[in-house]
Amino acid sequence: MSWKMASWARQVSRWCFLLPSARAAEFPGRLSGRSSTTQACRGFTALPSRNVLPWRRQAYRRVSLVSCSPPGSAKDGSFSCPESTLPSPVKQKQVKAETLPDLNAKILYEDWDDIPPSSALEEISEEEAVQIIAEPILPLQSSTLRDYVDHSETLAKLVHLGVDLSQVEKRQKAGQLLLTLDFEKDIRKILLFLKDVGVEDNQLGPFLTKNPYILAEDLEALETRVAYLKSKKFGKAEIAQMVSRAPYLLLFSVERLDNRLGFFKNELGLSVKKTKDLVIRLPRLLTGKLEPVKENLQVCQIELGFQLNEIQEIVFKTPKILTASKKRLKQTFDYLHNIMGIPHHMLTHFPQVFNSKLLRIKERHMFLTFLGRAQYDPAQPSYISLDQLVSLPDEVFCTEIAKASIQDYEKFLKTL
């Protein structure tokens, strides 16, 4: 009830302020002295004086008794103000007095006025045009990932990690793969997994450069493959070494890894321990093609004439011979065996000679022959082993093996 009384009081106050204005518009001389709100309210509520015309007294009664009915007369408790019968000047003043300004809206309008109009057709000065920085447009298609680095947070973070995108984009569909991945959702968990396996922080970039496809692998499948290697008695450090040196290793399923290990064990007749040592030293034997391996085994046995036990020893000491070029393998053997006269058992004892450049072997053998010191029979004096022939630096080879100066060796090479 108190809020109804307050509303009624405010409405009466408005009428008290309105009536003097209306009377001033009708009779400016009579109301010139009335300026206070108290006097206006007294003139509004009291009966008009005798000097006021009869029709004017009737208007006052209508305003007092009809237009300003008490709050209780309305059904909803609001102040009821039906259409007034006052003359038009009074009605105009009444309408204006009922509209009160909203200070918050006024401030808001002033804020809006401060915002300059925005239009695509608005002319700007050259100074403003120079200051406009336009974002580069994302290319719809491109042959290089470089065009997408500024638009992709994933690519930017991979570059910061050390990934060489120029090498990644050369791999089939690797570029499209990286553009579809989210670093936080897809890549971070793989990085944490690789670190847990044992890949060093400074090797993560080069690792992903060689094998970006691991980012799309299921994490559970990767963990299963690592668990399989552990079940085969590979230690944590050995697994880390194998994964780092053969980045594609963890893309192979458990069944495929098991078949590869079985192949080398059965083909070479190696024990479980020697098979494990073989793939630790050259883990890409598990990820590479098997056809070159089979062909090299046949070359060693059929064309080069090595026995199975000799092949086992050669492969165990020098696993790279299984993936070497067949042509190079045959040329090196032909020069060592047929020109220099090195027998099979000596080649089996030091098979690392097959990893040396054939030109280096030829140059040093011809220099020793020129000096009369080409002696490779261990039963003879001044014996020179294959290790001494190919492993020593030029200065040491000249002074200790050839018993000559490096200048004499360089002069001899110019005569070839």
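Among the residues of region 240-258, count how many are crowded, with 21+ Cβ neighbours inside 10 Å and in a helix (DSSP H, G or I).
Result for region 240-258: 4.
Can you name every residue in region 175-205 that is within 13 Å of the chain's Cα centre (by Cα), acidic (D, E) and part of a loop (DSSP other than H, G, I, E, B)?
D182
Of everything in region 401-416 that's without any contact (Cβ under 8 Å) to a residue 24 or more places away in the chain and touching a helix residue (DSSP H, G or I) at 6+ places or on another chain (Cβ under 8 Å), which residue is most open to solvent (accessible area, probe 1.4 Å)? It would help to see each step written out before you state the result.
Just the residues of region 401-416 that are without any contact (Cβ under 8 Å) to a residue 24 or more places away in the chain, to begin with: 405-408, 410-411, 414-415.
Narrowing further to those that are touching a helix residue (DSSP H, G or I) at 6+ places or on another chain (Cβ under 8 Å): 405-406, 408.
Details: S405: 40, I406: 40, D408: 77 Å².
By that ranking, first place goes to D408.
List every residue pair whose Cβ atoms lie under 6 Å apart, where the two residues are 6 or more positions apart in sequence or sit on different chains, the first residue falls within region 195-214 and is farther than 11 Å from V163 by Cβ and in contact (Cβ under 8 Å) with a residue 12 or more places away in the chain, and the second residue, located anywhere, is open to solvent by less than 10 Å² (accessible area, probe 1.4 Å) and not small (G, A, S).
Qualifying pairs under 6 Å: V197/V243; V199/F207.
Out of region 119-174, which residues are at pLDDT below 85 and either among the hydroxyl-bearing types (S, T, Y) or open to solvent by less than 60 Å² (accessible area, probe 1.4 Å) (or both)? Please lay out each step first, then the result.
Taking region 119-174 as the starting set, the residues that turn out to be at pLDDT below 85 are 119-152.
If the condition is that a residue be at pLDDT below 85 and either among the hydroxyl-bearing types (S, T, Y) or open to solvent by less than 60 Å² (accessible area, probe 1.4 Å) (or both), then S119, S125, A129, P139, S142, S143, T144, L145, Y148, V149, S152 are the ones that fit.
Somewhere in region 315-323, is a residue within 45 Å of the chain's Cα centre (by Cα) and farther than 21 Å from L386 by Cα?
Yes, region 315-323 contains a residue that is within 45 Å of the chain's Cα centre (by Cα) and farther than 21 Å from L386 by Cα.
Mind counting the residues in region 283-317 that are open to solvent by less than 20 Å² (accessible area, probe 1.4 Å), over 19 Å from H345 (Cβ atoms) and assigned to a loop (DSSP other than H, G, I, E, B)?
Final tally of qualifying residues: 1.
The values are calculated or read from the model by the stated rules, or taken from the named source; none is laboratory data. Predicted model, so just to flag it, every value in this text is computed and none were measured. With ideal geometry, Cβ positions are generated from the backbone for all residues, glycine too; neighbour counts draw on all protein chains shown. The accessibility values were calculated without ligands, DNA or RNA, using every heavy atom of the protein model including side chains. Shrake-Rupley method; radii C 1.70, N 1.55, O 1.52, S 1.80 Å.
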